[in-house]
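The values are calculated or read from the model by the stated rules, or taken from the named source; none is laboratory data. Just so it is clear, the model here is predicted, and its values are computed rather than measured. In this analysis, Cβ positions are derived from the backbone assuming ideal geometry, glycine residues included, and neighbour counts consider all displayed protein chains.
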Ligand code: C2E
Ligand code: MG
Ligand code: MG
Ligand code: MG
């Protein structure tokens, strides 16, 4: 009998090879860590770290991915719980299949209760493209149920897909997460900057908070600060970190926003 890919992943979860890494998100104006994104890694017994691009697409072909996503949600809750009064909200990525889970918000509530995590400490990231597949009414209801529990929703990779502004207008979401490709290409020329500025203007008019991912340069940071972007996340500040390293960084009140590689080295 051959083992399916899903079996391998389930085994890996049981063997604790599937790990949540955490990438800090910083308040763009104060430079403080205000939240983090949980990103999955497969750490093989030989220490090799496999990035999600190598296994998520395969799992995402079916709702097999849900098992992994719920595991990540539990891991994030465990981490929030362990951080006690130093906890910051953690965002977890959910694949498009979850949009079909009518009881999604109930499952999430049950996990939050188990780990005694307040709903405002948990954020659901769902990619823009995931939202385009279902009909508007059922997505709105799905999102409304989640929002009513107090859990916040972020639209990930915003600007990479074809979601209409009309669509976002009606969704009970709290954050637009600007796609990193957008930032890469668009900080360069005038039309690019104009497009990006429009996204921030749109978000502000709808009272949505903005998060920029993939921030790599000081130039990008300055641009985002000028745009009043709320949160920034990227290699300029920190890579996704092993849980232990993230906890060290997040527990320190005045961790420097930039140059934290050096900072972490000094920590040993
Ligand atoms: P995403 O949710 O858009 O996550 C952002 C990706 O950008 C992460 O890649 C992160 O490591 C990377 N990144 C962060 N800062 C920078 C930067 O400054 N420059 C560049 N070039 N990249 C940066 P990662 O960890 O490889 O994850 C890739 C994608 O895999 C994620 O994109 C997400 O769609 C998916 N993914 C990760 N974890 C999970 C999960 O638990 N469940 C599901 N369903 N998908 C996940
Ligand atoms: Mg994400
Ligand atoms: Mg993204
Ligand atoms: Mg992405």
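Quick notes
- Of all the residues in region 158-199, those that are within 12 Å of ligand 1 (Cβ to nearest atom) and over 18 Å from the mean Cα position of the chain (by Cα) number 1.
- Selected residue [more than 28 Å from residue 43 (Cβ to Cβ), out of contact with any strand residue (DSSP E or B) (no Cβ under 6 Å at 6 or more places or on another chain), away from ligand 4 (no atom under 16 Å from the Cβ) and touching a residue at least 60 places away in the same chain (Cβ under 8 Å)] from 221, 196: 221
- For residue 91, the conditions (1) more than 26 Å from residue 27 (Cα to Cα); (2) in contact (Cβ under 8 Å) with a residue 40 or more places away in the chain are fulfilled apart from (1).
- Flag if residue 76 is more than 8 Å from ligand 1 (Cβ to nearest atom), within 24 Å of residue 153 (Cβ to Cβ), in contact with a strand residue (DSSP E or B) (Cβ under 7 Å, 6 or more places away or on another chain) and in contact (Cβ under 8 Å) with a residue 60 or more places away in the chain: no
- Meets criteria (outside any loop (DSSP other than H, G, I, E, B) and either touching a helix residue (DSSP H, G or I) at 6+ places or on another chain (Cβ under 6 Å) or at pLDDT 95 or above (or both)) for residue 196: yes
- Unmet requirement for residue 35, which otherwise passes all of (1) more than 16 Å from ligand 4 (Cβ to nearest atom); (2) at pLDDT 95 or above; (3) surrounded by 13 or more Cβ atoms within 10 Å (Cβ to Cβ); (4) over 14 Å from the mean Cα position of the chain (by Cα): (4)
- Residue 232, sole failed condition from (1) away from ligand 2 (no atom under 16 Å from the Cβ); (2) in contact with a helix residue (DSSP H, G or I) (Cβ under 9 Å, 6 or more places away or on another chain): (1)
- The single residue among 158, 162 that is in contact with a helix residue (DSSP H, G or I) (Cβ under 6 Å, 6 or more places away or on another chain), under 11 Å from residue 131 (Cβ atoms) and within 16 Å of ligand 4 (Cβ to nearest atom) turns out to be 158.
- Of all the criteria given as (1) assigned to a strand (DSSP E or B); (2) in contact (Cβ under 8 Å) with a residue 40 or more places away in the chain; (3) over 22 Å from residue 177 (Cα atoms), the one not satisfied by residue 35 is (3).
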